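K.L.:
Quick one: this structure, given as structure tokens, is what I'll be asking you about.
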Amino acid sequence: MEGFTKITNNQIAKLVEIPILSYTILRDKIIADFKKRQLRCIGFFGVEESIDTVRLFVLLSEDSKHLIHISSAHLDKNSSYESITKEISSFHMYERDFYEEFGIKIDGHPWLKGVNFRTGRANEESCMENYPFFKMDGESLHEVAVGPIHAGVIEPGHFRFLCNGEQVYHLEIQLGYQHRNIENLFLERNLKFMPHLAESIAGDTVIGHNLACLNLIEALTQTIIPDRAILIRTIALEMERAAIHLADLSALANDIGYLMGSSVFGVTRTIIINTLLLICGNRFGRGLMRPGGCVFDIHKALTEKIRTNLSKVKEDTIRMAETMFKSHTVASRFENTGILTKEEAISIGAVGMTARASSYNVDARHSHPFGFYKKLLLGEKTHKKGDVHSRAYLRYEEIIESIEIVFTLLNELEDKKTGTQIMTKIKDKFQPSSLVVSIVEGWRGEIIHCAITNNEGDLLKYKIKDPSLTNWFALALAVRNNGISDFPLCNKSFNLSYCGNDL
Amino acid sequence: MSVLLWLIQLILIPLLSPLCIGIVRKIKAKFQNRTGASVLQPYRDLWKLFQKDEVISKDASWIFKFAPYFIYSITVILGASIPIFSTIFYPNLLSDILVVIYLIALGTFFLALAGMDSGSAFGGFGSSREMTVAALTEGGLMFSILTLAFAAHSTNLFVIAKNISSLSFFSFAPIILAFGAFIITMLSETSRFPFDNPATHLELTMIHEAMILEYSGKRLALIEWAAANKFLIFLSLGANLFFPWGMSLTNCLSDTLLALFLFAVKILILCVFVAVLESSIAKFRFFRLPDLLFTSFILSIISISLII
């Protein structure tokens, strides 16, 4: 693509090599090529260059060629720019986020309001108290406000329903309660501390976010880590995927009052996270991976233990899931509830299992392979319908697939060729004036960490994109025209992260 | 002796109803491989709630404050006027079918009013759903018991119980059909599966729980207790109207004790039934509930036409 630099996942791009276009030309190029080459926006953020100017970076992914196209433009803070969202709606979250950070006016954006009410946002007056909710008028319409404090153990977030009786016309989701300014905390810390921050981005994706951060650190220090460490990291990532999917199946069953499924899936999920506990001393995999490799090895006896535990999990999951998905009362709740069509998924830029359940195949393990996935042959799993049943069934299939992957990787681990080293020395200085993108397919979808260094090798910008940022809108679309009493079910079928969005 | 029997009749329902809830919960816990709380936990919960202070919305009117006492008293009156262990109370004026069914409806009406009273969105939802369901349930409930009235040639519940127990075994087919209809309305009236999930924490899906969301402390205790009473009242109606064998016809002590024992066994069987049902199916989508209630109504119609 003309006017763009292309790199692959975890490859360094020198800042000087990234073209600087005028915004109008950049916009035209994006609009011209977006549909034709089936691109996806994976990053749209700015770096402050002086008091008045911001350098805007745009990252586009070309999945079929495993490439990331990068370009940039200088924007003046005091003028305004034509929105890309008008032409390509999947930019809308990115432009909102960009607008919130720098306050640069984006003309023609239909929905320009706060995303997470970040610290140091340009317009301090826009806050959660005066959030401009979408309004509808009509005699039979009424609003239902839920949250930010919810019943049950979930994170804070505000949901505003516009209903006609039991039917939902529109749902607006207002987040920001979990904002911790985590992107800027990265800039203040050295690389030894970065994994600790990454592990606390989202409590249910500890391994996913940590792996994205580590891949980025290792790319920026140009470290090649031992094969054994890569294997252990991949095992942990797949175990996390299986564990959270099981927890969500349990929660889905609980929401429709299918108590047997709720308790059996809950128990099997515990087996997996307890196995992670055996590996690294933490049920969520905190402290397992650090820059340069892994801290804990999986030795012979542990390999056997993991095999027995996961075989049990696999057997129980298949038995329970087959019973549950065959039950007619469950089917009547799951099927045709909360439909997200493929067109909708594409138009909002949905990623991960949410997109795959609507037959939009986005999987970073295929499109931007990292670690051991370069060698692994994965099946493509998608579902057509995009309803709760598709998402639930996809989770079930992914659990089984993840367990199979772990079995394969355990065999590799026992292979003599793999070696015994799990840690390697790492430089403590980053490559100067570089940009690197690290993509990891967490259980929710692709996690993107992107870092830019200055000419001394210090971090200038650290940008995190959790799959939740774009996928929250999928929930809002899915509940439209559904009964409001089906909302908890739809919500659980996506199970998006509040703090992953709020950062 | 009859004073003692009256006393038992009066306090048995409020006394045992928390235990029934406890038993159902315990069985459900066992189905989920959990130990579960003791069957006496509902008593402890009530005791705890009675000790607590209340928070009442400043927008609430007298209905909100008055409704729990009213609803609770209705269940106590109902408990005293239905056949439990003995048929000797038949001169009781409140034991007519119409009186019982519409006393139940009166309780529901006040609960729905109280739900809307504090003006919260959830309360409104709960009340609107409850009234939708209650309106459809009424037909099934009325007609299923009417079947028995036709079979027993009386609308007095005690007389029905007495006459049904002397019917021949072969005339039971329509009564079994009517029992099927009754069970559906029972699950609906007592907010059990597949109509409502009594254990849910999700405000948006609740029916009964949404209406009482604003209550706390002593009034919440009364409402919870009333709900438990209503559950046991329906179990007793099911057990003693459709399968009335073993009720004592005299006021002699040994008969009474035997009748009480058989009553406990019948109630236990029904509790197990409810618990097994709740452990094995999912809650229905709200818009599918009318189908189920129409089924109940049609079953009753069929059984009535079989008798007439």
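The values are calculated or read from the model by the stated rules, or taken from the named source; none is laboratory data. Predicted, not measured: the structure shown is a model, and the values here were computed from it. Quick reminder, even Gly has a Cβ in these numbers, built from the backbone with ideal geometry, and neighbours come from all protein chains shown.
K.L.:
If you take the residues of the stretch A:139-157 that are surrounded by 14 or more Cβ atoms within 10 Å (Cβ to Cβ) and in a loop (DSSP other than H, G, I, E, B), which of them is nearest to the other protein chains (Cβ to nearest Cβ)?
P.N.:
A:Ala151
K.L.:
Still on this structure: Could you list all residues from the stretch A:93-148 that are touching a residue at least 12 places away in the same chain (Cβ under 8 Å) and among the acidic types (Asp, Glu)?
P.N.:
Passing the criteria: A:Glu95, A:Asp97, A:Glu100, A:Glu101, A:Asp107, A:Glu143.
K.L.:
Here's a check for you: in the stretch A:326-340, which residue that is touching a residue at least 24 places away in the same chain (Cβ under 8 Å) and surrounded by fewer than 16 Cβ atoms within 10 Å (Cβ to Cβ) is nearest to A:Leu39 (Cα to Cα)?
P.N.:
Out of the qualifying residues, it is A:Asn336.
K.L.:
Select from the stretch B:234-254 the residues that are surrounded by fewer than 20 Cβ atoms within 10 Å (Cβ to Cβ), touching a residue at least 60 places away in the same chain (Cβ under 8 Å) and part of a helix (DSSP H, G or I) and list them in ascending order.
P.N.:
Across the stretch B:234-254, the qualifying residue is only B:Leu253.
K.L.:
Looking at B:Gly36, B:Gly115, B:Gly140, B:Gly123, which one is at pLDDT 90 or above, within 25 Å of B:His201 (Cβ to Cβ) and buried (at least 21 other Cβ atoms within 10 Å of the Cβ)?
P.N.:
Within the list B:Gly36, B:Gly115, B:Gly140, B:Gly123, the selection yields B:Gly115.
K.L.:
Let me ask something else about it. Restricting to strands (runs of 3 or more DSSP E) lying wholly in the stretch A:1-85: which have 1 or more residues that are within 28 Å of A:Pro369 (Cα to Cα)?
P.N.:
Passing ranges, in order: A:5-7, A:12-14, A:39-48, A:53-62, A:67-76.
K.L.:
Just one of (1) part of a helix (DSSP H, G or I); (2) acidic (Asp, Glu); (3) touching a Lys or Arg at 6+ places or on another chain (Cβ under 9 Å) trips up A:Glu238, so point out which.
P.N.:
The one condition A:Glu238 does not meet is (3).
K.L.:
Quick one: in the stretch A:327-353, which of the residues that are among the hydrophobic types (A, V, I, L, M, F, W, C) and farther than 23 Å from A:Met260 by Cα is nearest to the other protein chains (Cβ to nearest Cβ)?
P.N.:
Among those that are among the hydrophobic types (A, V, I, L, M, F, W, C) and farther than 23 Å from A:Met260 by Cα, it is A:Ile339.
K.L.:
Hey, can you tell me all the residues within the stretch A:252-281 that are surrounded by fewer than 17 Cβ atoms within 10 Å (Cβ to Cβ) and on the phi > 0 side of the Ramachandran plot?
P.N.:
Selection gives A:Gly281 alone.
K.L.:
Follow-up. Tell me yes or no: at least one residue of the stretch A:372-385 is modelled with pLDDT of 90 or more and β-branched (Val, Ile, Thr).
P.N.:
no
K.L.:
Going by the structure shown, is A:Asp204 assigned by TED's automatic domain parsing to the domain that holds A:Leu489 and surrounded by fewer than 24 Cβ atoms within 10 Å (Cβ to Cβ)?
P.N.:
Considered against the rule, which asks whether it is assigned by TED's automatic domain parsing to the domain that holds A:Leu489 and surrounded by fewer than 24 Cβ atoms within 10 Å (Cβ to Cβ), A:Asp204 comes out as yes.
K.L.:
Given the criterion assigned to a loop (DSSP other than H, G, I, E, B) and either in contact with a Pro (Cβ under 9 Å, 6 or more places away or on another chain) or surrounded by fewer than 17 Cβ atoms within 10 Å (Cβ to Cβ) (or both), identify the matching residue among B:Val76, B:Val55.
P.N.:
Step by step, each of B:Val76, B:Val55 is checked, and only B:Val55 is assigned to a loop (DSSP other than H, G, I, E, B) and either in contact with a Pro (Cβ under 9 Å, 6 or more places away or on another chain) or surrounded by fewer than 17 Cβ atoms within 10 Å (Cβ to Cβ) (or both).
K.L.:
Anything in the stretch A:282-304 that is exposed (fewer than 15 other Cβ atoms within 10 Å of the Cβ) and more than 21 Å from A:Ile225 (Cβ to Cβ)? List them, or say none.
P.N.:
Passing the criteria: A:Lys300, A:Ala301, A:Glu304.
K.L.:
Quick check on A:Leu469: is it of a type in the set (A, V, I, L, M, F, W, C), touching a residue at least 24 places away in the same chain (Cβ under 8 Å), more than 14 Å from chain B (Cβ to nearest Cβ) and buried (at least 22 other Cβ atoms within 10 Å of the Cβ)?
P.N.:
yes
K.L.:
Can you confirm whether A:Ser263 is polar (S, T, N, Q) and touching a Gly at 6+ places or on another chain (Cβ under 6 Å)?
P.N.:
Spelling it out, it is not the case that A:Ser263 is polar (S, T, N, Q) and touching a Gly at 6+ places or on another chain (Cβ under 6 Å).
This table checks each residue for (1) more than 25 Å from the chain's Cα centre (by Cα); (2) away from chain B (no Cβ under 14 Å).
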position: A:Phe265; (1), (2): no, no
position: A:Arg286; (1), (2): no, yes
position: A:Arg290; (1), (2): no, yes
position: A:Leu302; (1), (2): yes, yes
position: A:Thr308; (1), (2): yes, yes
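K.L.:
So, one more: Can you work out which of the residues in the stretch A:472-503 that are touching a strand residue (DSSP E or B) at 6+ places or on another chain (Cβ under 6 Å) and not in a loop (DSSP other than H, G, I, E, B) is nearest to the other protein chains (Cβ to nearest Cβ)?
P.N.:
If we take residues in the stretch A:472-503 being touching a strand residue (DSSP E or B) at 6+ places or on another chain (Cβ under 6 Å) and not in a loop (DSSP other than H, G, I, E, B), then A:Ile484 is nearest to the other protein chains (Cβ to nearest Cβ).
K.L.:
Residue by residue through the stretch B:164-182, note down the ones that are among the small types (Gly, Ala, Ser) and part of a helix (DSSP H, G or I).
P.N.:
Selection gives B:Ser165, B:Ser171, B:Ala173, B:Ala178, B:Gly180, B:Ala181.
Residues are listed down the side, and each one gets a yes or a no for (1) away from chain A (no Cβ under 14 Å); (2) within 30 Å of A:Leu171 (Cα to Cα):
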position: B:Phe125; (1), (2): no, yes
position: B:Val159; (1), (2): yes, no
position: B:Phe169; (1), (2): yes, no
position: B:Phe172; (1), (2): yes, no
position: B:Pro194; (1), (2): no, yes
position: B:Ala199; (1), (2): no, yes
position: B:Tyr215; (1), (2): yes, yes
position: B:Ala221; (1), (2): yes, no
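K.L.:
Here's another thing I want to ask about it. Residues A:His179, A:His209: which one is more than 12 Å from chain B (Cβ to nearest Cβ), closer than 16 Å to A:Lys463 by Cα and buried (at least 20 other Cβ atoms within 10 Å of the Cβ)?
P.N.:
Going through A:His179, A:His209 in turn, the sole match is A:His209.
K.L.:
From the list A:Phe161, A:Phe193, exactly one residue is out of contact with any Leu (no Cβ under 6 Å at 6 or more places or on another chain) and within 30 Å of A:Gly442 (Cβ to Cβ). Which is it?
P.N.:
Of A:Phe161, A:Phe193, the one residue that is out of contact with any Leu (no Cβ under 6 Å at 6 or more places or on another chain) and within 30 Å of A:Gly442 (Cβ to Cβ) is A:Phe193.
K.L.:
Provide a single number: the residues in the stretch A:158-172 that are away from every other protein chain (no Cβ under 14 Å) and within 23 Å of A:Asn116 (Cβ to Cβ).
P.N.:
Residues in the stretch A:158-172 being away from every other protein chain (no Cβ under 14 Å) and within 23 Å of A:Asn116 (Cβ to Cβ): 2 in total.
K.L.:
In addition: Out of all the residues in the stretch A:276-309, which are part of a helix (DSSP H, G or I) and under 30 Å from A:Pro488 (Cα atoms)?
P.N.:
The one that is part of a helix (DSSP H, G or I) and under 30 Å from A:Pro488 (Cα atoms): A:Leu276.
K.L.:
Sticking with this structure for a sec: Which residues, taken from the stretch B:176-191, are closer than 28 Å to B:Leu306 by Cβ and within 14 Å of another protein chain (Cβ to nearest Cβ)?
P.N.:
Answer for the stretch B:176-191, where residues must be closer than 28 Å to B:Leu306 by Cβ and within 14 Å of another protein chain (Cβ to nearest Cβ): just B:Leu187.
K.L.:
Can you spot a residue in the stretch A:249-259 that is away from chain B (no Cβ under 14 Å) and either of a type in the set (Gly, Ala, Ser) or closer than 24 Å to A:Thr8 by Cβ (or both)?
P.N.:
Within the stretch A:249-259 (the criterion being away from chain B (no Cβ under 14 Å) and either of a type in the set (Gly, Ala, Ser) or closer than 24 Å to A:Thr8 by Cβ (or both)), the answer is no, since none of the residues qualifies.
K.L.:
Looking only at the stretch A:1-54, count every residue that is small (Gly, Ala, Ser) and in contact with a helix residue (DSSP H, G or I) (Cβ under 9 Å, 6 or more places away or on another chain) and tell me the total.
P.N.:
Count: 3.
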